[in-house]
Number of protein chains: 4
Amino acid sequence: MNLGAKKVFIEDIRKEFVEEFIWPAVQANAIYEDRYLLGTSLARPCIAKKQVEIAKREGAKYVSHGATGKGNDQIRFELTCYSLYPEVKIIAPWRMPEFYNRFRGRSDLMDYAKKHGIPVPVTPKSPWSMDENIMHISYEGGILENPKNHAPDGLFVKTKDPSTAPSAPDVLEIQFKKGVPVQVTNVRDGMQHHTSLELFSYLNEVAGKHGVGRIDIVENRYIGMKSRGIYETPAGTILYHAHLDIETFTMDREVRKIKQQLSLRFSEQVYNGFWYSPECEFVRSCIAKSQELVEGKVQVSVLKGQVYVLGRESPQTLYNEELVSMDKQGDYEPCDASGFIRINAVRLKEYHRLGKKVTAPAK
Amino acid sequence: MNLGAKKVFIEDIRKEFVEEFIWPAVQANAIYEDRYLLGTSLARPCIAKKQVEIAKREGAKYVSHGATGKGNDQIRFELTCYSLYPEVKIIAPWRMPEFYNRFRGRSDLMDYAKKHGIPVPVTPKSPWSMDENIMHISYEGGILENPKNHAPDGLFVKTKDPSTAPSAPDVLEIQFKKGVPVQVTNVRDGMQHHTSLELFSYLNEVAGKHGVGRIDIVENRYIGMKSRGIYETPAGTILYHAHLDIETFTMDREVRKIKQQLSLRFSEQVYNGFWYSPECEFVRSCIAKSQELVEGKVQVSVLKGQVYVLGRESPQTLYNEELVSMDKQGDYEPCDASGFIRINAVRLKEYHRLGKKVTAPAK
Amino acid sequence: MNLGAKKVFIEDIRKEFVEEFIWPAVQANAIYEDRYLLGTSLARPCIAKKQVEIAKREGAKYVSHGATGKGNDQIRFELTCYSLYPEVKIIAPWRMPEFYNRFRGRSDLMDYAKKHGIPVPVTPKSPWSMDENIMHISYEGGILENPKNHAPDGLFVKTKDPSTAPSAPDVLEIQFKKGVPVQVTNVRDGMQHHTSLELFSYLNEVAGKHGVGRIDIVENRYIGMKSRGIYETPAGTILYHAHLDIETFTMDREVRKIKQQLSLRFSEQVYNGFWYSPECEFVRSCIAKSQELVEGKVQVSVLKGQVYVLGRESPQTLYNEELVSMDKQGDYEPCDASGFIRINAVRLKEYHRLGKKVTAPAK
Amino acid sequence: MNLGAKKVFIEDIRKEFVEEFIWPAVQANAIYEDRYLLGTSLARPCIAKKQVEIAKREGAKYVSHGATGKGNDQIRFELTCYSLYPEVKIIAPWRMPEFYNRFRGRSDLMDYAKKHGIPVPVTPKSPWSMDENIMHISYEGGILENPKNHAPDGLFVKTKDPSTAPSAPDVLEIQFKKGVPVQVTNVRDGMQHHTSLELFSYLNEVAGKHGVGRIDIVENRYIGMKSRGIYETPAGTILYHAHLDIETFTMDREVRKIKQQLSLRFSEQVYNGFWYSPECEFVRSCIAKSQELVEGKVQVSVLKGQVYVLGRESPQTLYNEELVSMDKQGDYEPCDASGFIRINAVRLKEYHRLGKKVTAPAK
């Protein structure tokens, strides 16, 4: 209000964020470019959806945001707005020449803020940009823009330094139904957490204590640049590993291959800002379908920055202990494998027959 | 020779294994079902290729192996043999009824071994099966067949327990050319390793000391069963993380997406035993092509079971510090992003226009 | 009964075939290796499902079929049986040495048939194998095994020779709902057909009259061989073109790209015999989901072996005549495209900046 | 020059267009959204590359084009320019408000042209837009914007009406090396054509005479709109069918599956204007690699709008007549297929064992 706003709306949408955005990402094992768990990307459509709700309710024809003109967030916010409120007008100061020609970088802006008494979280002590939500925090910009520079001491906010984290693990049992966590039990003390927000917060606490979820990456923005980011995703990292385990345990191999492809699409859609799009709706509905029988319990050990899967069980698993046993025959005739291999070799022998010269990979 | 063999050939093919099999897997970031770095799968065609070489040289018309009739290794060995020596006959005792009806499991076999003075590595003290090579060791069978059972104390051979590993990290600088490591420097002591086998062994040593590379998974065999395995891949795990980082740093985003798809194919081909196949040759040659400019140095910290990427540099990177900077404009016009976003929204607005009802994911 | 059977069941399952097997293939635009509309492949699980139903009802523990040991059909029949009746035993004479050593080819078998008065459809006049159902007929074997040989005059059974077919087209309007044809109108005479079997039969009649649906291909069998087949698929060919048109007209571009990938999987699953598999069920359910809004009417002209799409309309289309018009601006700002293009060029300029030498394709 | 230009360059780049742009598309079997052979898309980078060459030679800092602000061509021209000449400025009048506000559609523009004596090819008699090159012609806009309207009589320029085309076919033998046509023989008269431009022109002539290559589609533009186009691609259609045939005949099944995926990427890249991009270079080089052994001869009959493959031969084929014969055993043991099928059924039986309820596709 000090800055001149006529009305301010502060909403707690953590529960919706967990259930409607994070859970589908857990089901998908969503990961961008093999490393980023999409903590910021998932938050954007959640925020913008609420913003649009309020704008419509208040009769606002314009919405605005403070994302820069080089990043992904502007796209994520605005595509959400255009999808849900097609006739809205969007004001993005960082893309208006009268703004970005006056404020040529963060330091100009901090000078302005200082001069006008506006509090900002970026100080000379932490000269980088941070963005935080219940799933994730990101650090970018400033001294981190040199991709060779190491993360400075004291950067991390959500997780303890793994080297000084406790040397005794926490062992958790995470129970899934339809690919979504429904219960977390600390095996040592028997404490249980059930509701989505509560169990997610508890996982954040345990992961944070043990230094789990830090990454330092260079990623490819939708806008076509490479950027460097340092991220913490504590609870999300535990859930990624646990869900991957229960999914592989319960899902048919071939279904999972197809689902994996859908998840790659989903991750890219979410990263690029297309949560509210026909393709992301379609993919989410296919992935949800694949999760119908993904249920059971995974035990994990959380220690010194790592999540170790210890074991798993499920009423729905396709794992068949007798069938796979080295010590029992089960309903399986080993000599069938001879035919299986020889038929698989038919094509390979034909290739050889033709005397095709194998071209070695370029060196 | 004690068992009645007429000739025994013991070959050191570790250098070939590293250069011809592990390096292409590093270039590919090969990983099966998101977790398994393929340490056993890669070794099989390497072994069988040498076996075929010797068989041809010695005029042998039959080759044999001791892989079980339920596993992947029989396929990997035999497809290699059929590809490289199509007219060979293969003797696989575990698939011959006269054999597997007499020895109904590993305990029958151990009794037989004991009775006839044949030394075997599986003892009552470690009642599971192990398979080891310079890249990897696997533990399967016995008490591990219950997927809920945790790995017993003392199982691991290649890596220290992370909880008692040193609390000071080793920091390594790994240099890549064409996607392959060519130099490893220990940043603290300045020690360097250059040749493939030597640097790979050194990475094994450092990773082993810090407990890096353990996983416990249930995977899907080619034969159609789910099986549980516990694996250690020390050097491979460091290289996986370091290569992923330098690749993302230097490779164009869209090239990488295509290469990622090829890598998924490659991983499946290798897992299923199709190293010597037209499709795997084709994919290897495409992946090698993608690696031509993947070069530079990655610094990683190895600590308590984890590999942390600290920073990277490259003469070939597409990363442009000025372009991406939050504090400089670079060769970039922020207002272009407005058009970019609005054009991306055209399709989304049309979808909305039609008033299509978004179907929520099945619950 | 003359051959010694105790009971014979002759069932008319054409309606089930059309609705439960052909319709999902139409929705998928299923096509194997870019040419084959899967007419035989789709029939196999339909037949085997009925066979299993009868076997279970009659208490039969064995089922049998006459497919050869080199083809796809044995796999399609048997995987269906094993899926739906896992404990069944299967008798496949063509794979039993006592059978195939006695009858070394089709001519031995024809001699036997002649000697024992068994009528067979392959005569010296048409020395090839035929397999027919309501969707499709295939010709293989005999003189067709030389892939250079042209199809002999008089081979084709379901379609007229295009060169002597009528020179006036039939114009049809095909109406779809949820990606499935629900009405066919002959535009000239106004005749309409509605029920699945009736309209499919009518399309067969029109396509047959105009010589539509012939192909001559070499394809890759699941078993690893290449084989040559000549096929006719009259109604299926019209529906392929008509559905493709209405789908592209009504479905979002990005949804369609994902659906296209699923269809490639589906086609391969069906070809390989995996109709009754978890992955095919999953893919069918995703594809069905994608078809919810695929509705409208397509007009096609059928003439001299060709199907020409003439026009289309839909209550659900994303096509926006005003938006796309060259003569109206619509809700579109042309200058937005400048930003769209320049942002897309950011990545390309960076690539150029690095002075990367473009490697020309191998010549 | 009458319009005030200082210099005009008219170049014959048909040979480069055929060899450097069309041939890679033939190798790829490039096709966009299952129907469009990319005749316009391929021409754009060819034209813009030459434009950039001249601009650089002449010291021009600006280039211009007349593509509209709603289409794909603006993107194809400009991305090529930005890739090859990153610092160039582009003038696109159709995206400049002072231009498009004055000329609100094609009729305003035609009035202006008339008034100023500028000849234009769009007349009231043919009220649609045409774009032609040696491969292709497209018709869009005007009365064709209503997707229900049929193509009017007399629209087509490159092909005869199939209904009045000759009723005797031309039979051509097309010879390929490395996936590219190197010789076309008319089987009736023995006439041969060898050089790229000459044989392509001859194929255009034959296809045109027989009415081959017409399509009427709605497609998805990169810009996010659906648009309706009617296209003729005579030679390209013959080559599409012939190459598809020789490729399937000579290429390993699994290699082809991977190549098919790459081709889908390639087609999308070309359609969207990314010919000169790192990803398109990469994909072209992979596809070229796949074509090394794609050689042989295909015979096709061209008749009444259709291309029928009649037969094929190759020195490099993986087709093995003895192996696949119904009348010979070849190097194949039918009973191996029993094991092959039973192992493939392991996974299906497990799925059944679990009693998983198959969820029917949504209706």
I need the shape label for the stretch D:14-314. Rule: rounded when a/c is under 1.5, else prolate if a/b > b/c, else oblate, with a, b, c from the alpha carbon gyration tensor.
oblate
Just to make sure I understand: if all protein chains stay in place, what is the order of D:Lys61, B:Lys148 by accessible area at 1.4 Å, largest first?
D:Lys61, B:Lys148
Taking the dipole about the Cα centre of the stretch A:14-314, with the C-beta of Lys and Arg at +1 and of Asp and Glu at -1, give me whichever of A:Gly229, A:Pro169, A:His136 is farthest to the positive side.
A:Gly229
Check: C-alpha center the stretch A:81-103 vs C-alpha center the stretch D:222-246, spacing in Å is 40 Å
Peptide-level mean, for A:25-37, of C-beta atoms on other protein chains within 10 Å:
2
At what distance in nm do the modelled label points of D:Lys148 and A:Tyr62 sit from each other, each positioned 7 Å from its Cα along Cα→Cβ?
4.3 nm
Label-point gap, in nm, between C:Asp189 and A:Leu3 - each point 7 angstrom along Cα→Cβ
7.4 nm
Nearest beta-carbon to the A/C symmetry axis - residue in chain A, distance in Å
A:Cys286, 2
For A:Arg265, the accessible surface traced by a 1.4 Å probe with all protein chains present amounts, in square angstrom to the nearest 10, to 80 Å²
How large is the charge dipole for chain A, taken about the Cα centre, if only the Cβ atoms of Lys, Arg (+1) and Asp, Glu (-1) carry charge, to the nearest 20 debye?
1480 debye
Computed ³J(HN,Hα) along the stretch C:73-85: with the Karplus parameters 6.51/-1.76/1.60, θ = phi - 60°, integer Hz and x for glycine or proline, the list is 5, 3, 5, 5, 4, 6, 5, 4, 4, 5, 5, 8, 8
Amide H neighbours of C:Gly311 under 5 Å, counting only residues 5+ apart in sequence or on other chains, H built in-plane at 1.01 Å?
C:Gln299
Nm distances between copies for B:Ile91, ranked from closest, using label points 7 Å along Cα→Cβ
3.7, 8.5, 8.6
Give the ranking of D:Ile31, C:Ile10 by solvent-accessible surface, highest area first, calculated with a 1.4 Å probe.
C:Ile10, D:Ile31
Karplus-derived HN-Hα couplings along the stretch C:144-156 (A = 6.51, B = -1.76, C = 1.60, θ = phi - 60°), whole Hz, x at Gly and Pro
7, 5, 7, x, 8, 5, 6, 4, x, 3, x, 5, 6
Under the rule of at least 5 residues apart or a separate chain, name every residue whose amide H is placed under 5 Å from the amide H of C:Asp170.
C:Val302
Taking only DSSP H segments of four or more residues, each worth -39500 (n - 2.57), what value at 222 nm results for the protein assembly as shown once the sum is divided by all its residues, to the nearest 500 deg cm²/dmol?
-12000 deg cm²/dmol
By the gyration tensor of its Cα atoms, with a ≥ b ≥ c the square roots of the eigenvalues, what is the shape of the stretch C:226-321: rounded for a/c under 1.5, prolate for a/b over b/c, or oblate?
oblate
Answer rounded, prolate or oblate for the stretch C:1-152, using the Cα gyration tensor with square roots of eigenvalues a ≥ b ≥ c: rounded when a/c is under 1.5, else prolate when a/b is larger than b/c, else oblate.
oblate
Across peptide D:253-266, what mean number of C-beta atoms from other chains lies inside 10 Å of a residue's C-beta?
6
Highest GNM mean-square fluctuation among D:Ile174, D:Ile246, D:Ile47, for chain D with Cα springs under 10 Å, belongs to D:Ile47
Pseudo-label separations to other copies for D:Lys257 - Cα-to-Cβ vector, 7 Å, nm:
0.5, 2.3, 2.3
Two-decimal ratio, the stretch B:134-213, of alpha-carbon radius of gyration to 2.2 N^0.38 Å:
1.35
Please list B:Met1, C:Met191, B:Met251 in order of solvent-accessible area, largest first, computed with a 1.4 Å probe with all protein chains present.
B:Met1, C:Met191, B:Met251
Relative to the Cα centre, what is the charge dipole magnitude of the stretch D:195-286, using +1 at the beta carbon of each Lys and Arg, -1 at the beta carbon of each Asp and Glu, and rounding to the nearest 20 debye?
280 debye
Of D:Thr68, D:Gly117, D:Asn146, which is farthest on the positive side of the dipole of the stretch D:30-154, counting Cα position, with +1 on Lys and Arg Cβ, -1 on Asp and Glu Cβ, and the Cα centre as origin?
D:Gly117
Net dipole in debye of the stretch A:98-175 [+1 Lys, Arg Cβ; -1 Asp, Glu Cβ; about Cα centre; nearest 20]:
420 debye
Taking the simple approach of a point 7 Å from Cα along Cα-to-Cβ for both C:Glu132 and B:Lys50, what is their distance in nm?
6.1 nm
Accessible area of B:Trp94 in the full protein assembly, 1.4 Å probe (Å², nearest 10)
40 Å²
Per the 1/(1 + (r/R0)^6) rule, R0 = 25 Å and r from the Cβ atoms of B:Glu19 and B:Gln260, FRET efficiency to 0.05 is 0.60
Enumerate the calculated ³J(HN,Hα) couplings along the stretch D:249-255 in order (Karplus 6.51 cos²θ - 1.76 cosθ + 1.60, θ = phi - 60°), each rounded to whole Hz, writing x wherever the residue is Gly or Pro.
6, 10, 9, 4, 3, 6, 4
Provide an ascending nm list, one decimal, of label-point separations from C:Lys177 to the equivalent residue in each further copy; define each label point as 7 Å from Cα along Cα→Cβ.
3.6, 5.9, 6.9
For chain C, which cysteines have no second Cys with its Cβ under 4.7 Å from theirs?
C:Cys46, C:Cys81, C:Cys280, C:Cys335
Roughly speaking, what % of Cα-Cα pairs in the stretch D:177-226 are separated by over 15 Å, rounded to a whole number?
62 percent
Provide the FRET efficiency to the nearest 0.05 for the D:Asp327-D:Asp161 pair, computing r from the beta carbons and using R0 = 35 Å.
0.15
For B:Glu322, what accessible surface area do you get with a 1.4 Å probe? Give it in Å², rounded to 10.
100 Å²
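The values are calculated or read from the model by the stated rules, or taken from the named source; none is laboratory data. These figures come from a predicted structure and were not determined experimentally. Here the Cβ is made from the backbone with ideal geometry for all residues, glycine too, and neighbour counts use every protein chain on show. Quick note on the areas: whole protein, heavy atoms, side chains included, nothing else; ligands and nucleic acids left out. Shrake-Rupley method; radii C 1.70, N 1.55, O 1.52, S 1.80 Å.
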